[in-house]
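Below is one structure, written out as structure tokens; comments come after it.
The values are calculated or read from the model by the stated rules, or taken from the named source; none is laboratory data. In this text the structure is predicted, and so the values were computed from the model without any measurement. When we count neighbours, we look across all protein chains shown, and the Cβ atoms used for this are built from the backbone with ideal geometry, even at glycine. Remember, those area values only see protein heavy atoms, side chains included, never the ligands or the DNA or RNA. Shrake-Rupley method; radii C 1.70, N 1.55, O 1.52, S 1.80 Å.
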Amino acid sequence: MSFSFARPTFTTAAEEEKARIGASIAQASLFNTLTPEAVDDLARRSSIKRVAARNTIVSQDEPGESMFLIISGRVKVGIFGENGREVTLSVLRQGQCFGEMSLFDGKSRSANCIATDPTTLAVLHRQDLLQHIARYPATALNLLGDMAGRLRRADESIAQLALCDVNERLIHRLVHLAEEEGTEADEGILVRRRPTQQELANMIGSCRETISRAFNQLARDGLIIVQGRSLIVTDALMAQAGKAAA
Ligand code: CMP
């Protein structure tokens, strides 16, 4: 069941903020099956936090006190190895949550979460989350569903690391990016802000030099088209990836 969040007349800035949080919660796919009462309860317990691009929101190994819903902007989830190399686990967008794992298992933060764009978040403290779940258990089921989805994606990445070469992993990543944030264009799917080659390397567990060679070969073969900061993932590459997966 989905519903739209009715926008009331505000008397204070605080009420306006709660209504904004409520609207964002109601629209988030993670929460859009909750009842209006549950959404309202979550909104009342949450506050807004604004984070500038490149600022760290959550640091690996710190204790976790809150979870976050992205109202706007983007957040990169990553881990740094001892040699300083970075692995990007995910890039989260509007309507997605993070920071819940340490609230549930009581351990330290499992990864770093860094705003890649100016980002607005709804923040919910552990105690509020637990009190909310005691009244509205459906929220816990939604969070479990989200964590199951994340585990599936992690399984897929592990399988790819073990079974696919860098070229196949790069193609898979580019196709996934096109599906996640691309828009239809004449020759294929347009990704407006393409990741740098270093960012792609961090996403698929490789180094920039190797990615550079594989990326340039795809461009020479006409399977991707670079247009400034944008990228077109061609229909031919989408079809090639579809055949490989079938
Ligand atoms: P927590 O461990 O509290 O803080 C870091 C957060 O990063 C974690 O909760 C999750 O919300 C998020 N996170 C960890 N691993 C992944 C992953 N593989 N994909 C997406 N998000 C993740």
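Only one residue in Val91, Val77, Val39, Val87 is in contact with a Ser or Thr (Cβ under 6 Å, 6 or more places away or on another chain), of a type in the set (Val, Ile, Thr) and either at pLDDT 95 or above or not in a loop (DSSP other than H, G, I, E, B) (or both). Which one?
Val77
Among residues belonging to the range 135-155 that are within 11 Å of the ligand (Cβ to nearest atom) and open to solvent by 50 Å² or more (accessible area, probe 1.4 Å), point out the one that is nearest to the chain's Cα centre (by Cα).
Only one residue tops the list, namely Arg150.
Please pick out the residue among Arg150, Arg173, Arg193 that is of a type in the set (Lys, Arg) and over 30 Å from Phe104 (Cβ atoms).
Checking each option against the conditions leaves just Arg193.
Kindly list, by first and then second residue, each pair from a residue in the range 96-107 that is near the ligand (Cβ under 7 Å from one of its atoms) and in a helix (DSSP H, G or I) to a residue that is of a type in the set (Ser, Thr, Tyr) and at pLDDT 95 or above, limited to pairs with Cβ atoms under 7 Å and residues at least 6 apart or on different chains.
Sorted first by the residue in the range 96-107, then by its partner, the pairs are Met101/Ser110; Ser102/Ser108; Ser102/Ser110.
For the range 124-134, enumerate the residues that are of a type outside the set (Asp, Glu) and either more than 13 Å from the ligand (Cβ to nearest atom) or in contact with a Leu (Cβ under 8 Å, 6 or more places away or on another chain) (or both).
Leu124, Arg126, Gln127, Leu129, Leu130, Gln131, His132, Ile133, Ala134
Please verify whether the range 52-67 includes one or more residues that are among the basic types (Lys, Arg) and touching a Ser or Thr at 6+ places or on another chain (Cβ under 6 Å).
No.
Counting only residues that are of a type in the set (S, T, N, Q) and more than 13 Å from the ligand (Cβ to nearest atom), which one in the range 52-75 is most open to solvent (accessible area, probe 1.4 Å)?
Result: Asn55.
Are any of the residues in the range 125-132 outside any helix (DSSP H, G or I), in the same structural domain as Arg45 (by TED's automatic domain parsing) and not charged (D, E, K, R)?
Yes, the conditions are met somewhere in the range 125-132.
Would you mind telling me which numbered condition in (1) of a type in the set (A, V, I, L, M); (2) within 16 Å of the ligand (Cβ to nearest atom); (3) surrounded by 15 or more Cβ atoms within 10 Å (Cβ to Cβ); (4) farther than 27 Å from Lys49 by Cβ Leu121 fails?
All conditions are met except number (4).
Please give the number of the condition Lys49 fails out of (1) part of a strand (DSSP E or B); (2) open to solvent by less than 60 Å² (accessible area, probe 1.4 Å).
If we test Lys49 against (1) part of a strand (DSSP E or B); (2) open to solvent by less than 60 Å² (accessible area, probe 1.4 Å), just (2) comes out false.
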